[in-house]
Amino acid sequence: MRFLFLASSFFVFFLQIILYSPLFNLKGKEEKVFVRYRESISEFSKKLKEKGIISHEKFIYFMKIYNPEFKLYAGEWKIINSGNSFLNFKNIDNAEKNFELIITIPEGYELRKILKLLSEKGGYDYDELNRLAQNPENFKELFEYGVPQNLEGYLFPDTYILSYSLSEKEVLEIFIKRFFEVIKELGYDTIKDRLELSLEEILTLASIIEKEAIFDYEKKIISSVYYNRLKKGIPLQADPTIQYLLPKPLFPLPLRFLKMDSPYNTYKNKGLPPTPICSPGKKSIEAALYPEKTEYLYFVARGDGTHIFSKTYEEHLKNKRSAKKEWIRRGLLK
């Protein structure tokens with residue numbers, strides 16, 4: 001018994017030397033470990049072991065022995081991994097901690113890419129994010145105009161400052177609330193009764209515009225083309241709706257994909273696809289709400305980010321030949 005007491009006392013003394021002595025301050029690779037709100041020591045230990053910071057999950061329990069003040073805080077922990085579990089106790093205790101995440105959701109990001117971004121940059125659980133995103137009933141109190149099929153398009157692209165103490169549900173709520181703030185800023189409540197499309201359809205159209213247009217000044221013109229085709233019962237023939245079905249976009253889109261059997265194939269089906277295909281920015285939503293008044297039914301990309309618009313199919317064929325030469329000249333097409 002005396003031997004055990006001496007051995008444990010020596011062990012604690014040794015660990016305290018490691019923790020407080022400047023002699024033991026080995027450098028190494030910086031590892032980022034995300035600590036979630038109300039995360040247990042056990043969960044934290046598992047992450048440390050996965051990163052190779054400690055060799056056994058039980059090691060972390062010694063932190064409380066020689067440093068009773070040690071606490072877990074929700075945030076991003078930047079820990080130097082010296083390669084030695086015992087020496088890393090000091091690095092864990094002295095880890096740089098960020099309690100807020102600054103994250104930007106780019107315009108035109110699909111739902112899956114937004115969730116992946118949150119998971120990789122903020123340590124949020126992807127599976128939980130996806131579960132919530134596929135079941136918007138979890139947020140029904142936010143959807144005063146009707147609950148959508150999923151959250152595609154409703155996570156507004158912007159820069160956010162998020163506390164790491166937020167749950168996955170609370171984070172998604174912030175993005176959804178920002179979306180509704182934006183559409184109210186654009187006067188949706190004032191004009192909604194005069195619109196031919198529902199909010200879901202407006203957002204779906206805006207998401208296609210977002211993917212089609214590079215420059216903001218063209219967005220309302222592109223919007224007018226789609227409105228004109230919808231009114232005439234002409235398929236939208238929007239490549240981005242097919243790109244949405246692919247693992248990654250292909251430019252130019254191979255013709256074989258135009259025959260895909262899917263409600264998102266706007267070459268085979270008239271009208272809008274069943275959901276948005278990305279999260280559109282404010283300018284694209286504005287374009288869907290307030291299109292230009294034109295007679296255009298067609299447009300083709302020049303290859304420099306701009307488009308050529310036309311009223312008739314004959315003009316469109318001529319423009320396609322002209323655009324093809326531009327694509328070849330720019331090396332975008334062989």
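Could you tell me whether the stretch 39-53 includes any residue that is of a type in the set (Phe, Trp, Tyr) and at pLDDT below 80? Even if it seems obvious, please write down each step before you answer.
Going residue by residue through the stretch 39-53, those that are of a type in the set (Phe, Trp, Tyr) are 44.
Filter once more, keeping what is at pLDDT below 80: none.
Checked against the condition, which is being of a type in the set (Phe, Trp, Tyr) and at pLDDT below 80, the stretch 39-53 yields no hits at all.
In the stretch 251-262, how many are assigned to a loop (DSSP other than H, G, I, E, B) and either touching a residue at least 24 places away in the same chain (Cβ under 8 Å) or open to solvent by 80 Å² or more (accessible area, probe 1.4 Å) (or both)? Let's see the steps before the verdict.
Applying the first criterion (assigned to a loop (DSSP other than H, G, I, E, B)) to the stretch 251-262 yields 251-254, 260-262.
After this cut, where a residue has to be either touching a residue at least 24 places away in the same chain (Cβ under 8 Å) or open to solvent by 80 Å² or more (accessible area, probe 1.4 Å) (or both) as well, the list is 251-252, 261.
Final tally of qualifying residues: 3.
Here residue 75 clears all of (1) under 23 Å from residue 164 (Cα atoms); (2) open to solvent by 80 Å² or more (accessible area, probe 1.4 Å) except the condition numbered (2).
Every condition in (1) among the aliphatic types (A, V, I, L, M); (2) modelled with pLDDT of 95 or more; (3) open to solvent by less than 40 Å² (accessible area, probe 1.4 Å) is met by residue 234 except one, and the failing one is (3).
Looking at the stretch 135-149, can you tell me whether even one residue there is closer than 23 Å to residue 244 by Cα, under 14 Å from the mean Cα position of the chain (by Cα) and at pLDDT 95 or above? No, because not a single residue in the stretch 135-149 is closer than 23 Å to residue 244 by Cα, under 14 Å from the mean Cα position of the chain (by Cα) and at pLDDT 95 or above. Filtered by the rule that a residue be assigned to a loop (DSSP other than H, G, I, E, B), open to solvent by less than 30 Å² (accessible area, probe 1.4 Å) and hydroxyl-bearing (Ser, Thr, Tyr), the stretch 275-334 gives 275, 279, 306.
Within the stretch 223-232, can one find any residue that is out of contact with any Pro (no Cβ under 7 Å at 6 or more places or on another chain) and without any contact (Cβ under 8 Å) to a residue 12 or more places away in the chain? So far as the stretch 223-232 goes, yes, one or more of its residues are out of contact with any Pro (no Cβ under 7 Å at 6 or more places or on another chain) and without any contact (Cβ under 8 Å) to a residue 12 or more places away in the chain. Selection of the stretch 134-169 for residues being over 29 Å from residue 264 (Cα atoms) and exposed (fewer than 13 other Cβ atoms within 10 Å of the Cβ) yields 159, 161.
Restricting attention to the stretch 105-123, which residues are open to solvent by 70 Å² or more (accessible area, probe 1.4 Å), over 9 Å from the mean Cα position of the chain (by Cα) and modelled with pLDDT of 95 or more? It would help to see each step written out before you state the result.
Of the stretch 105-123, the ones open to solvent by 70 Å² or more (accessible area, probe 1.4 Å) are 107, 112-113, 116, 120-121.
Pick out the ones that are also over 9 Å from the mean Cα position of the chain (by Cα) and you get 107, 120-121.
Result: 107, single match.
Just the residues that are open to solvent by less than 30 Å² (accessible area, probe 1.4 Å) and over 23 Å from residue 126 (Cα atoms), please, taken from the stretch 25-66. Within the stretch 25-66, 53, 54, 60, 63, 66 meet the criteria.
Counting only residues that are farther than 30 Å from residue 178 by Cα and within 29 Å of the chain's Cα centre (by Cα), give me the helices (runs of 4 or more DSSP H) lying completely in the stretch 26-104 with at least 3 of them.
On the way: elements: 41-50, 63-66, 85-93.
Fully inside the stretch 26-104 and qualifying: 41-50.
Can you find a residue that is within 22 Å of residue 333 (Cα to Cα), of a type in the set (Ser, Thr, Tyr) and assigned to a loop (DSSP other than H, G, I, E, B) anywhere in the stretch 237-244? Checked the stretch 237-244: at least one residue is within 22 Å of residue 333 (Cα to Cα), of a type in the set (Ser, Thr, Tyr) and assigned to a loop (DSSP other than H, G, I, E, B). In the stretch 187-227, the qualifying residues are those that are under 16 Å from residue 274 (Cα atoms) and outside any helix (DSSP H, G or I), and the one that is least open to solvent (accessible area, probe 1.4 Å) is 197.
The values are calculated or read from the model by the stated rules, or taken from the named source; none is laboratory data. In this text, all values refer to a predicted model and were calculated from it rather than measured experimentally. In this analysis, Cβ positions are derived from the backbone assuming ideal geometry, glycine residues included, and neighbour counts consider all displayed protein chains. These area figures cover heavy atoms from the full protein model, side chains too; ligands, DNA and RNA do not enter into them. Shrake-Rupley method; radii C 1.70, N 1.55, O 1.52, S 1.80 Å.
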